[in-house]
1. Work out, step by step, the length gained on full extension between residue 11 and residue 413: first 0.36 nm times the residue separation, then minus their alpha carbon distance; give nm to one decimal.
2. I want to check the label-to-label distance for residue 20 and residue 170. Put each point 7 Å from Cα in the C-beta direction and report it in nm to one decimal.
3. Which of 339, 296 comes first, and how do the rest follow, when ranked by fewest Cβ neighbours within 10 Å?
4. Could you give the radius of gyration (one decimal) and Dmax (whole number) of the Cα atoms in the range 18-120, in Å?
5. If you rank 78, 181, 42 by fewest surrounding Cβ atoms within 10 Å, what's the result?
6. Provide the FRET efficiency to the nearest 0.05 for the residue 456-residue 184 pair, computing r from the beta carbons and using R0 = 25 Å.
7. Can you give me the distance in nm between label points at residue 467 and residue 421, each placed 7 Å from the Cα along the Cα-to-Cβ direction?
8. Between the range 259-280 and the range 411-438, what is the separation of their alpha carbon centroids in Å?
């Protein structure tokens with residue numbers, strides 16, 4: 001089949017009523033799963049593999065791509081409305097999304113998050129179509145030193161989310177890195193900080209810790225606060241972000257989407273890291289960095305554009321080399337194999353029609369996701385009007401159900417409660433919570449790959465290998481620039 005005929009056949013297939021129905025229902029299903037804390041896109045995709053097998057390959061894979069897009073996009077809803085990231089990808093969205101909701105601008109926050117998610121998916125999809133082989137070749141060159149260098153560059157995001165006190169942000173980041181060492185080391189198999197509990201040998205689970213740190217701690221704060229937070233006031237009709245928000249953030253859309261795409265290409269980093277790194281770079285590039293963390297639209301756009309762009313990035317390396325960039329794409333590759341499709345470079349030669357249908361499914365899913373959330377986001381945002389005495393028990397029940405459904409372990413509920421208390425105490429002490437997540441996510445990447453590098457090479461790899469040298473240089477430049485900007489801002493305020 002020629003390239004042109006394959007493109008037109010795939011386009012006709014994806015735009016057929018049956019395929020659009022499959023994609024639409026799958027997007028809605030992904031949104032519902034992504035909006036419930038603890039129920040991740042990965043979980044939804046794993047459950048859908050048997051359903052995918054019962055469908056033709058084109059429809060089955062399109063269904064899973066649509067769930068992937070909907071699940072990652074929907075994590076912003078609860079992050080904005082109740083300070084509870086529906087998925088790890090939405091961690092950075094909390095920083096500005098929740099303050100906007102408290103200020104009565106939940107509709108504006110959701111609208112901007114949805115459009116940014118759409119833009120990130122589309123831009124990364126264009127990169128997928130145009131540069132898949134090139135970016136995949138780039139990712140193959142990543143060795144231990146490159147992964148450590150990228151993770152160190154990611155740690156510079158701590159500066160952006162530390163607020164006014166960098167020392168407190170660094171403390172919580174180091175605390176997160178320490179907690180990430182709990183359990184069995186993947187390098188030598190030695191168990192650390194398990195306190196004789198076999199449940200701790202596999203480490204602290206991300207979802208119990210994340211839900212406890214952000215959701216349960218917020219419930220504790222809400223319960224202890226005598227002052228009721230401001231109500232959300234929304235106009236009738238669908239939610240659309242002001243045109244000024246879109247026009248004024250064009251550069252932010254493109255920069256954040258490209259950052260998300262590149263990070264998505266690198267195995268093991270994922271959407272959460274993409275959102276955090278993009279948020280940090282948006283703050284560094286801003287003329288008003290002090291507004292980040294107070295309910296600033298560019299912060300939401302940076303996070304949501306990047307975490308959705310990581311979808312296209314992860315698909316690049318998955319489709320071209322058969323290497324899963326993150327857990328959802330690992331499941332997607334499994335679904336392709338179940339359908340008898342060989343992944344890797346030969347996929348483009350032997351199944352060009354399927355490749356193009358995946359491309360068009362990605363674009364169709366992003367459009368339908370945006371239309372659905374803009375149309376119904378107003379109704380979703382009304383959840384904040386429910387009195388706290390009613391809403392708090394419902395949220396806590398969702399937290400319990402989401403955490404328990406992951407591994408069916410009561411131990412995970414204990415982890416959730418412990419980190420809920422830790423998050424509450426840190427928040428009361430003026431310590432930002434986002435750096436903790438950054439340390440928790442990036443700490444194992446740095447430790448494991450650094451130890452492997454030291455066993456076969458040396459520190460000179462960081463400067464002799466071009467890619468790692470570039471990222472180390474970017475990390476140093478980002479830190480120096482951030483400090484210079486903070487100092488310039490302090491001088492301006494003093495005058």
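1. 140.1 nm
2. Computed distance between label sites residue 20 and residue 170 equals 5.6 nm.
3. 339, 296
4. Calculated on Cα positions, Rg and Dmax stand at 14.5, 48 Å.
5. 181, 42, 78
6. Efficiency, from the Cβ-Cβ distance: 0.70.
7. Between residue 467 and residue 421, the label points sit 4.4 nm apart.
8. When both Cα centres are located, 23 Å separates them.
Every number in this text was worked out from the coordinates using simple rules, so none of it is lab data. Keep in mind that this is a model prediction, so the values were computed, not measured. All Cβ positions, glycine included, derive from the backbone under ideal geometry; neighbour counts span all protein chains shown.
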